[in-house]
Every structure is written in C-alpha cells, then in structure tokens.
1. For region 115-147, name all the residues that are part of a strand (DSSP E or B), aliphatic (A, V, I, L, M) and either modelled with pLDDT of 95 or more or closer than 11 Å to Ala67 by Cα (or both).
2. Check whether at least one residue in region 148-163 is touching a helix residue (DSSP H, G or I) at 6+ places or on another chain (Cβ under 7 Å), part of a loop (DSSP other than H, G, I, E, B), modelled with pLDDT under 90 and not β-branched (Val, Ile, Thr), and report yes or no.
3. Can you work out which of the residues in region 88-107 that are among the aliphatic types (A, V, I, L, M) and part of a loop (DSSP other than H, G, I, E, B) is farthest from Ala71 (Cα to Cα)?
4. Among the candidates Tyr164, Tyr105, Tyr149, single out the residue that is surrounded by fewer than 19 Cβ atoms within 10 Å (Cβ to Cβ) and of a type in the set (Phe, Trp, Tyr).
5. Is there a residue in region 48-65 that is touching a residue at least 60 places away in the same chain (Cβ under 8 Å), in contact with a His (Cβ under 9 Å, 6 or more places away or on another chain) and not in a helix (DSSP H, G or I)?
6. Hey, can you tell me all the residues within region 123-158 that are under 21 Å from Cys82 (Cβ atoms) and touching a Leu at 6+ places or on another chain (Cβ under 7 Å)?
7. Filter region 132-146 down to the residues that are crowded, with 17+ Cβ neighbours inside 10 Å and of a type in the set (Gly, Ala, Ser) and list them by number.
8. Identify, from the list Leu91, Leu118, Leu182, Leu123, the residue that is touching a helix residue (DSSP H, G or I) at 6+ places or on another chain (Cβ under 6 Å) and in contact (Cβ under 8 Å) with a residue 24 or more places away in the chain.
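The values are calculated or read from the model by the stated rules, or taken from the named source; none is laboratory data. Owing to the predicted nature of the structure, the values given are computational and were not obtained by experimental measurement. Every residue, glycine among them, receives a Cβ derived from its backbone with ideal geometry; neighbour counts consider all protein chains shown.
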Amino acid sequence: MMIRTIVAAILILLTETVMTTSTHASDALTVGAKAPDFSLPYATKDSIGKEPLTLSKEVTKGPIVLAFYPADWSGGCTIEVCTFRDNFTQLDSLGIRVWGISGDYKYSHHEWAKHHNLPFELLADHDHAVAKAYDSYGAEDLMNKRTIYVIGSDGRIAYVNAQYKAREPKDFEDLKAALANLK
C-alpha cells in the first residue's frame, strides 16, 4: 500500500512538472520573444560537422528557419525537407538559412541529406532538449512535433507556425511571405 501511494505521488508530481514546463515554454515563445539559445551537432549532404552549431553565433549572419520534424526517412518529413530544398535558391537569395531539427543522430542526417541532395544543415537533437525548449516535442509520440520558428538576426522570434503541415502548400506559402517581410 505504501509503495502505491509513493508511486502515485511521483506520477502526480511528474505530470504537474510536464504541464508547467509546457505552459511556460508556450507562453515565452511568441513573436518578438528572445529565442532560446542552443548548440547541436549537425550534418550536411557533404559532411558531418566537427563542431556543433550555436544559434546565437550563427543567427548574426542572417535569419534562420528552425524546422522541427519527427524523423528522417519518413513520408511527411521527406515532403517537408524536399520543399525546402526545391525553394532553397529563393530562400538563400533572401539570406535565409534553414536548419532541420529532429531526434535522429547526425549519421542518419548525413545519409538522408545525401539521399535527397539537401543543401542545408540537419541538426541532431537526440535528447529533444531543444525541441522541448521550443515546445516542439510530442511526449505522447516521443518525437518532435512539426513546427517552424524563424529567428531574426537580432536573435528574436520573427515567425511561428506551431502546427506546420508539410502537405499543405499554404503553410509553406505563409512562411515564404513572412520571410520576404523580414528586415
């Protein structure tokens, strides 16, 4: 009986902690808020990065699209990254960088980027710490949710789509319009 009571108390505390964390992350991540900083390992189609990418250092070079997605090699995620690939010249001409972020390891990212000829970095957030900081982690699926954040060169959030749909062209068109309006 005592063990059941202890287990029940722990579960209640964990549930409250998760709910509180999610609420605080959602409240803080609005357009105009300072973007949470992070460093993650990455890969490209050409190589596996030797040093992690750090948002606060890289964003000074220009705006970055953070494209959180569930997993390499899946159907919806392939559509998403190939849409970015197919529009990369236009995004690059605006000075926009794209960082795809999932829980996959950088070795999987490297092979997937080669397979689809992706011209941008894929970041490995294996413990989902960054996805959690950006309220982009689905605890029920144990994977990243498909979300988009644009971080302006001032380090502030310039655009959010918390329910990005890779199969909906309108979502990508809305993102492109927001990117075109960045100063």
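1. Correct list: Leu122, Leu123, Ala124.
2. Scanning region 148-163 turns up no residue that is touching a helix residue (DSSP H, G or I) at 6+ places or on another chain (Cβ under 7 Å), part of a loop (DSSP other than H, G, I, E, B), modelled with pLDDT under 90 and not β-branched (Val, Ile, Thr).
3. Only one residue tops the list, namely Leu94.
4. That would be Tyr105, the only listed residue that is surrounded by fewer than 19 Cβ atoms within 10 Å (Cβ to Cβ) and of a type in the set (Phe, Trp, Tyr).
5. yes
6. If the condition is that a residue be under 21 Å from Cys82 (Cβ atoms) and touching a Leu at 6+ places or on another chain (Cβ under 7 Å), then Leu123, Ala124, Asp125, Ile148, Tyr149, Val150 are the ones that fit.
7. Of everything in region 132-146, those that are crowded, with 17+ Cβ neighbours inside 10 Å and of a type in the set (Gly, Ala, Ser) turn out to be Ala133, Ser136.
8. Going through Leu91, Leu118, Leu182, Leu123 in turn, the sole match is Leu118.
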